[in-house]
């Protein structure tokens with residue numbers, strides 16, 4: 001039978017009386033706490049959320065690591081860059097968060113260095129808007145940015161067999177702009193002995209992007225004539241060196257200030273794009289690896305050989321990124337003899353291992369432009385967005 005209406009937290013709730021034998025189950029205690037918080041809070045304050053970074057210090061048990069395993073303890077925090085909304089680099093804040101908890105299959109890494117990617121710029125802005133379907137419509141689901149990481153293993157899960165505390169590793173860790181990051185065992189490989197942590201942190205995303213674009217999508221072969229457009233950037237510097245490791249003839253396109261640097265990493269020929277347009281000089285190439293996205297599809301095709309391949313990495317435009325090429329390119333490829341590919345990098349451990357082997361063989365060396373401390377991540381992202389960097393930007397922790 002129905003009874004009176006009652007206001008609760010500003011909402012009218014219709015109460016229902018039930019027979020004692022049909023009483024509903026009691027809510028779990030966490031639900032009661034959330035409801036009481038919603039009822040008692042001032043309307044000027046936001047509803048409580050479950051994010052660790054939004055809770056006051058000491059409000060939950062923190063994680064303490066002893067002997068390489070995780071145990072519960074109070075007062076264990078770490079510093080991290082936090083993003084609570086989309087926008088400019090000013091949305092990043094340095095905060096204290098709870099130290100991450102390692103699960104049975106995970107690895108806890110004490111971060112020594114991280115690096116900045118174009119991905120961080122796009123996720124900061126939430127543009128193109130379609131990416132928010134996966135990252136969060138109004139605010140980022142993962143409030144700590146960064147993916148490239150290098151550091152020391154501090155703790156491992158009980159199912160982890162490859163690493164133990166103290167090992168130096170590099171790889172992919174979501175939330176890398178922090179003092180600690182957790183990730184699956186498959187996301188990390190041992191750091192090459194000859195690299196610093198800063199150099200190792202520069203490798204994962206940029207290196208995998210270049211390797212997958214040239215080897216898998218472009219099917220690069222010995223003796224081919226290859227163009228790397230955007231050769232002085234993070235991906236481009238890896239692409240030039242990887243293409244040379246396949247014994248290809250490499251033409252690199254970059255700005256005038258970076259000509260000497262690009263030549264020093266192995267390019268056979270360097271084009272200053274302010275003086276020469278590689279799509280109009282009459283040369284034909286077997287493979288164009290386009291990172292910069294500075295030429296139209298028809299212009300790039302003009303520089304391809306009859307059976308050549310054009311590979312474009314992700315959303316090339318920094319200011320107006322679009323996913324349209326992912327739909328139009330497969331359709332166009334059906335009507336032309338040349339192969340046209342647009343792709344997004346997928347993390348694979350075997351690719352990190354391949355990059356490690358190239359580095360240890362002396363065929364690839366990460367190139368670093370600038371280094372920033374953790375508190376200056378906003379400045380590092382702003383520097384990236386302004387289009388100034390050459391090679392990689394690194395965050396030291």
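The values are calculated or read from the model by the stated rules, or taken from the named source; none is laboratory data. Bear in mind the structure is a predicted one, so any value in this text is a computation, not a measurement. All Cβ positions, glycine included, derive from the backbone under ideal geometry; neighbour counts span all protein chains shown.
Do any helices (runs of 4 or more DSSP H) lying entirely in segment 295-397 carry at least 1 residues that are touching a strand residue (DSSP E or B) at 6+ places or on another chain (Cβ under 7 Å), under 23 Å from residue 202 (Cα atoms) and at pLDDT 90 or above, and which ones are they?
The helices (runs of 4 or more DSSP H) meeting that bar are 349-360, 377-385.
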Practice problem: Please work out which residue is surrounded by the most Cβ atoms within 10 Å (Cβ to Cβ), limiting yourself to segment 144-172 and to residues that are closer than 14 Å to residue 110 by Cα and out of contact with any helix residue (DSSP H, G or I) (no Cβ under 9 Å at 6 or more places or on another chain). | Solution: 155
Quiz item: If only one of 353, 367 is in contact with a helix residue (DSSP H, G or I) (Cβ under 9 Å, 6 or more places away or on another chain) and in contact (Cβ under 8 Å) with a residue 12 or more places away in the chain, which one is it?
Solution: 367
Quiz item: Within segment 173-188, which residues are farther than 16 Å from residue 104 by Cα, surrounded by fewer than 22 Cβ atoms within 10 Å (Cβ to Cβ) and in contact with a helix residue (DSSP H, G or I) (Cβ under 8 Å, 6 or more places away or on another chain)?
Solution: 179
Quiz item: How many residues are assigned to a strand (DSSP E or B) and either at pLDDT 95 or above or surrounded by 13 or more Cβ atoms within 10 Å (Cβ to Cβ) (or both) when one looks only at segment 72-97?
Solution: 14
Quiz item: In segment 250-295, what residues are surrounded by fewer than 17 Cβ atoms within 10 Å (Cβ to Cβ) and under 22 Å from residue 337 (Cα atoms)?
Solution: 280, 281, 282, 283, 284
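Please work out if residue 245 is under 30 Å from residue 394 (Cβ atoms) and surrounded by fewer than 22 Cβ atoms within 10 Å (Cβ to Cβ).
Yes: the conditions hold for residue 245.
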Exercise. Report whether or not residue 172 is within 20 Å of residue 362 (Cβ to Cβ) and in contact with a strand residue (DSSP E or B) (Cβ under 8 Å, 6 or more places away or on another chain).
Key: no
